[in-house]
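Trainee: Right, I'll just put the structure down here and ask away after.
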Amino acid sequence: MSTWLRPETPLSPAHGDVDERRDDLFRRLRDKDRDRARAGCPQHTAQITADGADWLVSASAYPSSTLALWEARPTAPAVLPCGTVFDVVNVPAIFGRRLLDRLWEEGPGSGPVATHRGRMLLFTAPGTGRRLPSLLAWEEWGGAVPPMLCHSVGDAVTLPPLAPGSADGPRWVVAPDTRSPWLPGPEVLLWACVRVARATSAGDVRVSISPDPDTGANVYDVSRRR
């Protein structure tokens, strides 16, 4: 076990092997992004970037070590804590898709979003997980919102792998692509939840541009993100 540890941190693979794996892994990801750009594709992102990975692991107490271990197994999901860098609002997949449609078509866009086991995980500003339930409780349409799980301080979530893994595992719908992504707060999520609840009650449900939550298609144009 000691061969995998650096003296300065409790969890770290050796420098040379990790640096080489990191260069190879993210070079492949950059090449894919470059090929899509040359083909004239819009700036959609369902694939994490190196900057996005750096942002995610900043939630860990040991970000460098966490990233090194993750890169050593790029097709394996990771587990990171909530509450400091991000919170996560976990909703049923269909409701989550409708939330995203509202956020991108009529609102400011969204932060990173993943799907896992029939649920959609919306990454939000820290504090959202604690405040959103109380806001919904006071809202007239709050009772029409399906049960959601709000992850904040003391919780952890499973993240999609750096490289594509198993088809039934977690995957990104909107992957993090910067070291400082914009994250919606509780007021933005409340607005979107109410809009979707009202539309559903009135039968005015919009058809998603990618209605199947299990597809691997790139969905949302991140160049429009606030």
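The values are calculated or read from the model by the stated rules, or taken from the named source; none is laboratory data. Because the structure is a prediction, the values reported are computed rather than measured. As a convention, Cβ positions derive from the backbone with ideal geometry for all residues, glycine included, and neighbour counts pool all protein chains shown. Just so you know, the surface numbers come from the protein's heavy atoms only, side chains and all, with ligands and any DNA or RNA stripped out. Shrake-Rupley method; radii C 1.70, N 1.55, O 1.52, S 1.80 Å.
Trainee: How do the pairs read when you match residues in the stretch 79-105 that are open to solvent by 30 Å² or more (accessible area, probe 1.4 Å) with residues anywhere that are assigned to a helix (DSSP H, G or I), using Cβ under 7 Å and keeping only pairs 6 or more apart or on different chains?
Mentor: From the stretch 79-105, the pairs are R98/V196.
Trainee: Return only the number of the condition from (1) open to solvent by less than 60 Å² (accessible area, probe 1.4 Å); (2) at pLDDT 85 or above that P213 does not satisfy.
Mentor: Evaluating P213 over (1) open to solvent by less than 60 Å² (accessible area, probe 1.4 Å); (2) at pLDDT 85 or above leaves (2) as the failure.
Trainee: Also, I was wondering about something else. Among (1) part of a helix (DSSP H, G or I); (2) under 17 Å from T200 (Cβ atoms); (3) in contact with a helix residue (DSSP H, G or I) (Cβ under 7 Å, 6 or more places away or on another chain); (4) open to solvent by less than 10 Å² (accessible area, probe 1.4 Å), which single condition is L132 missing?
Mentor: (2)
Trainee: Follow-up question, since we're still on this one. Restricting attention to the stretch 163-197, and to residues there that are in a loop (DSSP other than H, G, I, E, B) and in contact with a strand residue (DSSP E or B) (Cβ under 6 Å, 6 or more places away or on another chain), which single residue is surrounded by the most Cβ atoms within 10 Å (Cβ to Cβ)?
Mentor: P184
Trainee: Just name the residue that is least open to solvent (accessible area, probe 1.4 Å) out of those in the stretch 144-162 that are of a type in the set (V, I, T) and assigned to a strand (DSSP E or B).
Mentor: That would be V157.
Trainee: Going by the structure shown, is A114 in a loop (DSSP other than H, G, I, E, B), of a type in the set (A, V, I, L, M, F, W, C), in contact with a Phe, Trp or Tyr (Cβ under 8 Å, 6 or more places away or on another chain) and at pLDDT 90 or above? Working first, answer last.
Mentor: Working: in a loop (DSSP other than H, G, I, E, B): no; of a type in the set (A, V, I, L, M, F, W, C): yes; in contact with a Phe, Trp or Tyr (Cβ under 8 Å, 6 or more places away or on another chain): yes; at pLDDT 90 or above: yes.
Considered against the rule, which asks whether it is in a loop (DSSP other than H, G, I, E, B), of a type in the set (A, V, I, L, M, F, W, C), in contact with a Phe, Trp or Tyr (Cβ under 8 Å, 6 or more places away or on another chain) and at pLDDT 90 or above, A114 comes out as no.
Trainee: What single numbered condition from (1) surrounded by 21 or more Cβ atoms within 10 Å (Cβ to Cβ); (2) within 13 Å of W191 (Cα to Cα) fails to hold for W141?
Mentor: It fails just one condition, (1).
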